[in-house]
Structures are given as C-alpha cells and as structure tokens.
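A.B. asks: Got a structure for you, written out below as structure tokens; questions coming shortly.
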Amino acid sequence: SNTVIFRSAGLQVATVDANKRVKLKSIVQGRDLGAMIEVLSGIDANDVVVLNPPDSIVDGTPLRIVQKTT
C-alpha cells in the first residue's frame with residue numbers, strides 16, 4: 001500500500017521504465033488487507049515500483065535508483 005498514489009483519476013502506481021524515468025500506471029484494487037492491497041490489474045510481476053512516491057510525481061520524472069542495504 002506504500003506504493004499507491006490516490007488521485008482524482010483513480011489509483012495509480014509509479015513504475016520505473018528502461019530509461020529510469022517514471023511511468024504512472026492506473027491499477028484496479030481488489031481486497032484491502034491493511035498494510036497490503038490486492039492489485040487485480042494494471043501492473044505485472046516484472047514492473048519495478050517506486051516506494052513512497054510523492055504526490056507531485058508525474059510521468060517522465062527522472063529517477064536515481066537506490067538499492068536497499070542490509
């Protein structure tokens with residue numbers, strides 16, 4: 001649920017394209033499980049999504065990819 005953007009156009013997720021730019025995708029939500037939601041359509045398992053995107057994010061925004069360190 002920390003990847004979903006709530007907009008007047010509906011629910012969207014910011015994904016990362018091959019050029020490391022934002023591509024917004026509209027999603028259809030299924031069940032709401034609290035910290036997680038079920039996504040019925042709009043993205044697939046190979047999409048890379050942006051965690052905690054700002055409300056101001058738009059298509060084409062350049063991204064700097066940061067890997068989680070443990």
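The values are calculated or read from the model by the stated rules, or taken from the named source; none is laboratory data. What you see is a predicted model; the values in this text were computed from it and never measured. Positions of Cβ are backbone-derived with ideal geometry, glycine not excepted, and every protein chain shown enters the neighbour counts. Note: areas computed on protein heavy atoms with side chains; ligands, DNA, RNA excluded. Shrake-Rupley method; radii C 1.70, N 1.55, O 1.52, S 1.80 Å.
A.B. asks: Determine whether V66 is touching a residue at least 12 places away in the same chain (Cβ under 8 Å) and not polar (S, T, N, Q). Talk me through it step by step, then tell me what you get.
C.D. replies: Numbers: touching a residue at least 12 places away in the same chain (Cβ under 8 Å): no; not polar (S, T, N, Q): yes.
When the stated conditions are applied, V66 does not pass them.
A.B. asks: Within segment 1-22, which residues are part of a loop (DSSP other than H, G, I, E, B) and loosely packed, with under 14 Cβ neighbours inside 10 Å?
C.D. replies: Going residue by residue through segment 1-22, those that are part of a loop (DSSP other than H, G, I, E, B) are 1-3, 8-9, 17-20.
Across segment 1-22, the qualifying residues are S1, N2, S8, A9, D17, A18, N19, K20.
A.B. asks: Among the residues of segment 24-31, is any touching an Asp or Glu at 6+ places or on another chain (Cβ under 9 Å) and polar (S, T, N, Q)?
C.D. replies: In the first step, residues of segment 24-31 are kept if they are touching an Asp or Glu at 6+ places or on another chain (Cβ under 9 Å); the result is 24-25, 29-31.
So of that shortlist, the ones also polar (S, T, N, Q) come out as 29.
Within segment 24-31 (the criterion being touching an Asp or Glu at 6+ places or on another chain (Cβ under 9 Å) and polar (S, T, N, Q)), the answer is yes, since at least one residue qualifies.
A.B. asks: Ok, one more. Which of the following residues is basic (K, R), modelled with pLDDT of 95 or more and either surrounded by 12 or more Cβ atoms within 10 Å (Cβ to Cβ) or assigned to a loop (DSSP other than H, G, I, E, B) (or both): K68, K25? Don't jump to the end; show me each part of the working.
C.D. replies: On the way: K68 fails: modelled with pLDDT of 95 or more.
Only one candidate qualifies: K25.
A.B. asks: Kindly establish whether I37 is modelled with pLDDT under 95 and farther than 22 Å from A9 by Cβ. Spell out the reasoning first.
C.D. replies: Numbers: modelled with pLDDT under 95: yes; farther than 22 Å from A9 by Cβ: no.
So I37 does not fit the description; no.
A.B. asks: Taking segment 28-57, which residues are open to solvent by 90 Å² or more (accessible area, probe 1.4 Å), farther than 25 Å from Q67 by Cβ and not acidic (D, E)?
C.D. replies: The answer is R31, L33, L40.
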